[in-house]
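Below: the structure, in structure tokens.
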Amino acid sequence: MAKNSGPVTIKKYANRRLYNTGTSTYVTLDDLAVMVKKGEDFSVLDAKSGDDITHSVLTQIIFEQESKTGNTLLPVSFLRQLISFYGDQLQMVVPSYLEHSMSALTDQQEQMRAQLASTTGNNPMSPNIQLPLQLVEDQVRRNTEMFQKAMQMFSPFALGHSGEPEDTQKKSDTSKDIDELKSQLKALQDKINSIGN
């Protein structure tokens, strides 16, 4: 079958059945999860109204994956922080930040897989396994620090405020980070304003 230029359309009917118009077959949420993992683009439309309901269907897939596997990707603390941004003035910045963070994580994931393969060869249980594990721990630590800094920018008193004085270098680095994030926020606001005009 020839590949369409745009995303595949999935129609959701009142009986909750999902119909893939690209393959002319009914599909399940698990099938859609597999499509996402393969990088296949699709949009989900309500069959009756024609409304785009892709967001709610993807959210439903995440909910099912979280409850099905027992290995949750979304820690409770993250979910609480995410919920706290709804209705906040900075709510519009969070989606862009999360998209950027997930894109960076995906890039890092590919780099880590390549490093792991070059370190252990075809045998993941080789004696050199400590090096890849250290790389993973270092990457997780860096990502956590980056996320915490960003969250502190959005809500400076919400995370990790110990009350202890920081050294001058740390304050200087934090000021630079805040200034950089402020300039990025201003650029984002200018872009949003130009779209609205």
Heavy-atom accessible surface of the range 25-115: percent carbon and sulfur, 1.4 Å | 58 percent
Simple label model, 7 Å out from Cα along Cβ direction - residue 118 to residue 38, nm = 3.2 nm
Provide the solvent-accessible area of residue 31, counting protein heavy atoms only and rolling a 1.4 Å probe, rounded to the nearest 10 Å².
-> 70 Å²
Output the direction-averaged projected area (hull surface divided by four) of the convex hull of the alpha-carbon atoms of the range 1-70, in nm².
-> 5.0 nm²
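The values are calculated or read from the model by the stated rules, or taken from the named source; none is laboratory data. All values derive from a computational prediction rather than experimental measurement. Here Cβ is always computed from backbone atoms with ideal geometry, including for glycine, and neighbour counts include all displayed protein chains. The protein model used for the area step is the full one, side chains on, heavy atoms only, and it has no ligands, DNA or RNA in it. Shrake-Rupley method; radii C 1.70, N 1.55, O 1.52, S 1.80 Å.
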